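Here's the structure, in C-alpha cells; my notes come after.
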Amino acid sequence: MSSYQVRPATLRDAKAVAEVHVAAWQAAYEGLMPEEHLKVQTVDKRQSFWREAIEFAEPQLLVATLGDRIVAFCGFDRSRDKGTPSTTGEIWAFYADPAHWNEGAGLALWDATLEACVEEGFNMLSLWVLLRNERALRFFELAGFKRDMPSLKTVAAGTARLEEIRLKRPLG
C-alpha cells in the first residue's frame with residue numbers, strides 16, 4: 001500500500017504545484033535544455049498558470065500528497081492534437097518532486113490518472129516527451145505507452161532545437 005494519497009487539486013494548491021513543477025522541470029531537463037531556458041520557468045509564472053487551470057479545470061489536475069505536502073501532480077484533458085477524436089485524452093503535464101523520484105509517488109499518481117481518464121470516457125491517451133528524456137520515456141513505456149514514430153517533431157527551447165515524440169496508450 002502506498003503512503004501517497006491522490007486527490008483533485010484545489011486553488012490553494014497552486015503554489016505547491018508550481019514549486020514541484022519548477023523543481024522537477026529544472027532537474028529533469030538539466031543537460032537536455034539550455035540553462036537559460038530552464039531558468040525561464042519561475043514559481044510565480046507557474047503559480048498563475050496552475051491557479052487558472054485549477055479554477056477552470058483545464059487541464060484537470062490531480063495531486064499526489066505525502067502527509068499534507070504535495071509531491072507530484074498530473075494535468076490531463078482532451079487531446080490538443082489536431083484531428084483527434086474527443087475520446088482521446090492527453091497528459092499535459094506529469095511531474096514529481098525530484099526528492100520523491102523512484103519512491104512511488106509517480107506510480108500512485110499514474111494509477112489515479114488512469115482511473116480518472118477512463119471515467120472521463122477516453123479510450124486512448126497520449127502525451128509528448130522529449131526524445132532524450134530517458135527517465136520519462138522509461139516510466140511511460142512501463143505504464144503501457146508506445147512511441148508514435150511518425151509524430152517526431154522539433155521544438156524550440158530558447159536557442160536550442162529539441163526533438164519530441166508522442167506516446168500513445170489505449171485505455172479500457
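Key figures
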quantity: Yes/no for residue 151 being assigned to a strand (DSSP E or B), farther than 26 Å from residue 40 by Cα, out of contact with any Leu (no Cβ under 6 Å at 6 or more places or on another chain) and among the polar types (S, T, N, Q); calculated: yes
quantity: The listed residue being in contact with a Lys or Arg (Cβ under 8 Å, 6 or more places away or on another chain) and at pLDDT below 95, out of 32, 62; calculated: 32
quantity: Condition check for residue 52: assigned to a helix (DSSP H, G or I), out of contact with any Asp or Glu (no Cβ under 7 Å at 6 or more places or on another chain) and more than 20 Å from residue 130 (Cα to Cα); calculated: yes
quantity: Residue count for the range 62-93, restricted to those that are more than 14 Å from residue 5 (Cα to Cα) and either among the β-branched types (Val, Ile, Thr) or outside any loop (DSSP other than H, G, I, E, B) (or both); calculated: 12
quantity: Leading residue by the ranking (farthest from residue 164 (Cα to Cα)) among those in the range 130-144 that are part of a loop (DSSP other than H, G, I, E, B) and within 14 Å of the chain's Cα centre (by Cα); calculated: 143
quantity: Single residue of the range 85-132 satisfying the filter (within 19 Å of residue 59 (Cα to Cα) and of a type in the set (Asp, Glu)) that is surrounded by the most Cβ atoms within 10 Å (Cβ to Cβ); calculated: 90
quantity: Residue check, residue 97 acidic (Asp, Glu), in contact (Cβ under 8 Å) with a residue 60 or more places away in the chain and either touching a helix residue (DSSP H, G or I) at 6+ places or on another chain (Cβ under 9 Å) or more than 16 Å from residue 171 (Cβ to Cβ) (or both); calculated: yes
quantity: Checking residue 165 against (1) under 22 Å from residue 39 (Cα atoms); (2) in contact with a strand residue (DSSP E or B) (Cβ under 8 Å, 6 or more places away or on another chain); (3) β-branched (Val, Ile, Thr), the condition it does not meet; calculated: (1)
quantity: Residue match in the range 19-34 (condition: farther than 24 Å from residue 138 by Cβ and either loosely packed, with under 14 Cβ neighbours inside 10 Å or among the aliphatic types (A, V, I, L, M) (or both)); calculated: no
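The values are calculated or read from the model by the stated rules, or taken from the named source; none is laboratory data. Just so we're clear, the structure is a prediction, and the values are computed from it rather than from any experiment. When we count neighbours, we look across all protein chains shown, and the Cβ atoms used for this are built from the backbone with ideal geometry, even at glycine.
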